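Presented below is the structure to which this report refers.
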């Protein structure tokens with residue numbers, strides 16, 4: 001594809017790439033190898049990933065860097081959140097084992113006092 005035929009890319013979505021269109025965005029490795037530059041341009045322009053198959057089975061995905069970054073960041077954030085939840089649960093179990101907890105009535109009383117319920 002020559003530089004003259006490059007089109008203005010669509011705006012990326014807030015959460016990453018759009019869903020692939022199976023009739024257009026699934027290609028064999030052999031086809032991909034011969035037209036890799038065109039597929040890079042297509043992912044940049046459409047914000048849809050290209051699914052690459054080998055022996056008829058999906059094996060890889062081509063995605064533009066603009067769409068990869070939010071995906072990568074969201075996975076990192078989810079990992080941090082999961083680690084914090086696990087740490088909080090461990091702390092709760094330790095506090096419960098030491099008898100450091102409140103009954104439902106006590107919690108409701110604290111909420112009434114704090115929030116005027």
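Count of segment 57-91 residues, restricted to those that are out of contact with any helix residue (DSSP H, G or I) (no Cβ under 9 Å at 6 or more places or on another chain) and in a strand (DSSP E or B), is 3. The single residue among 92, 60, 72 that is modelled with pLDDT of 90 or more and under 30 Å from residue 46 (Cβ atoms) turns out to be 60.
The values are calculated or read from the model by the stated rules, or taken from the named source; none is laboratory data. What you see is a predicted model, and the numbers here were worked out from it, not measured in a lab. A quick note on method: Cβ atoms are made from the backbone with ideal geometry, for glycine too, and the neighbour counts reach across all protein chains shown.
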